[in-house]
Amino acid sequence: MKKELDPKVDSRRGLLKWLSRVTNSGQYYQEIDGLRCLAIGVVLTAHVWGNWTNYTSTDYAGNISFVDSMYSKATLHGKLGVQLFFIISGFILSLPWTRYFLAAGKPIDIRDFYLRRLTRLEPPYIIIMLIYFVGLCLVGRLSFHENWGNLLASIFYVHNFVYSGGSVINMAAWSLEIEVQFYILAPFIAMAIYRLSAKARHILLLVLILAFAASQQLFPTLPMSILYYGHFFIAGFVLSEAFLTGGDFWRERSIFYDVLGLCGYILAFFIVPAHDFSFVGQLSYVFGLSTLFVCGFKGRLFSAFLRIPLVSIVGGMCYTIYLLHGRILSFSYAYILKDLELTGDFLTDSLILNFTLIPLILFVSAFFFVLIERPCMNRDWPRKLRRKVGLYRKKSSRVHFRNTK
């Protein structure tokens, strides 16, 4: 068995440390957070513009130059950011199972696996959903009596199925529902495929990618689910095995992989969208984004960019940013920038909005991340919270006892 690429030790201090994700082992792959930053960046640029076109009266359709077209293809495919997130999730969640089955790694407690997902992801999600629901009811966008069912369906990740569409409380939740479906299935997929021989496992993984890639054409009327996006998660399984067994391959960086990564980016962002839901298009997305993933480790310049502290920090906050960005944008356009008229030039207006609103999103997200999400990254937070509550109750009991003597 070839040796796996060594993870880096997170040695950041001060403000950078406060804004960095908590890694319970003290080690992490900085390139992964860099790739997360790339993914959330694509989502943000797409949604900044998409929300703006819903609120402005300016018509940009008839004034798009070649440069504008290239810019839009490079930055406005937000769904590709989500698909890259799916590949990263497949990689991260399958890596412990890959280590266990292929390298005699540490056994995995399934109960702990699910509990960790629950304590890590649910508190920020539920808090945001409740704040959004109450806020939307107060401003008259939603009705408590008519939409409480949407709230429950969103909290339990079944809105896509129950209402055949994304959550009206937070549209970004459509992809989180698919992520949760994968979290539930991931241990069973891992236990099934890693008990097979290497040849049988590789054939099965290929079959799964082909089957999932064809599902959108075979079942076009079904609600959004892992059935439509499973090939991206399975690609993460393939990458985790390659990562574990690749040894020195992952340590050697070269300009060749920078060029190859650029080719993967061009394939996914410029060529494939014209064939979006086709079988070939879906396979091309997997190939292009997986190539981008590999080159994030192998490219000399690309890897250096992903390891810039600010880039990896933004990537580490991507869950908070993803939860918050949509409502920050809609609030900004509806109440702060209402009736605003910009230059009317597609590229100029897009850059103005990006350089104005993305820093605002990052600023607000940083507070929520530090106060809510980052503490939940510590796997011991429930136990520490119970201890603090117990100490508080004991202290209150002593004070009450003294006052009644």
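Structure notes:
- Sorting the segments 86-92, 133-139 by their mean number of nearby beta carbons within 10 angstrom, highest to lowest, gives 86-92, 133-139.
- The chain, accessible area per residue, ligands and nucleic acids excluded (1.4 Å, Å²): 50
- Sequence-distant aspartates and glutamates (8 or more away, or on other chains) whose Cα lies within less than 12 Å of Lys298: Glu31, Asp248, Glu252, Asp258
- Highest average first, the peptides 355-366, 162-173 ordered by how many other beta carbon atoms sit within 10 Å of their residues are 162-173, 355-366.
- Only protein atoms count toward the accessible area here, which uses a 1.4 Å probe; on the chain, the carbon and sulfur part of that area reaches 68 percent.
- Relative contact order (percent, whole number), region 51-163, Cα cutoff 8 Å, 6+ residue spacing: 12
- Radius of gyration and Dmax over the Cα atoms of the chain, both given in Å: 22.7, 83
- Span-like helix ranges in the chain, DSSP H, alpha carbon extent 15 angstrom or more, Kyte mean at least 0.0: 30-55, 78-103, 110-138, 144-155, 173-193, 198-218, 226-245, 255-266, 279-298, 318-331, 346-368
- The stretch between Ala192 and Asp276, if pulled fully straight at 0.36 nm per residue, gains 27.2 nm over its current Cα-Cα span.
- Taken over region 45-104, the alpha-carbon convex hull comes to 88 cubic angstrom per residue.
- Partner aspartates and glutamates whose Cα lies under 12 Å from the Cα of Lys79, excluding those fewer than 8 positions away in the same chain, are identified as Asp276.
- 10 Å Cβ shell holding at most 13 others, DSSP loop, GluC sites (Glu not before Pro): longest site-free stretch of the chain: 1-251
- Within a straight-line Cα-Cα reach of under 20 Å, Lys384 can be paired with the following aspartates and glutamates, leaving aside sequence neighbours fewer than 8 residues apart in one chain: Asp112, Glu122, Glu373.
The values are calculated or read from the model by the stated rules, or taken from the named source; none is laboratory data. The shown structure was predicted, so the numbers you read here are calculated from the model rather than taken from an experiment. All Cβ positions, even for glycine, are placed from backbone atoms using ideal geometry, and neighbour counts span all protein chains on display. Please note that ligands, DNA and RNA were not included when accessible areas were found on the heavy atoms of the full protein model with its side chains. Shrake-Rupley method; radii C 1.70, N 1.55, O 1.52, S 1.80 Å.
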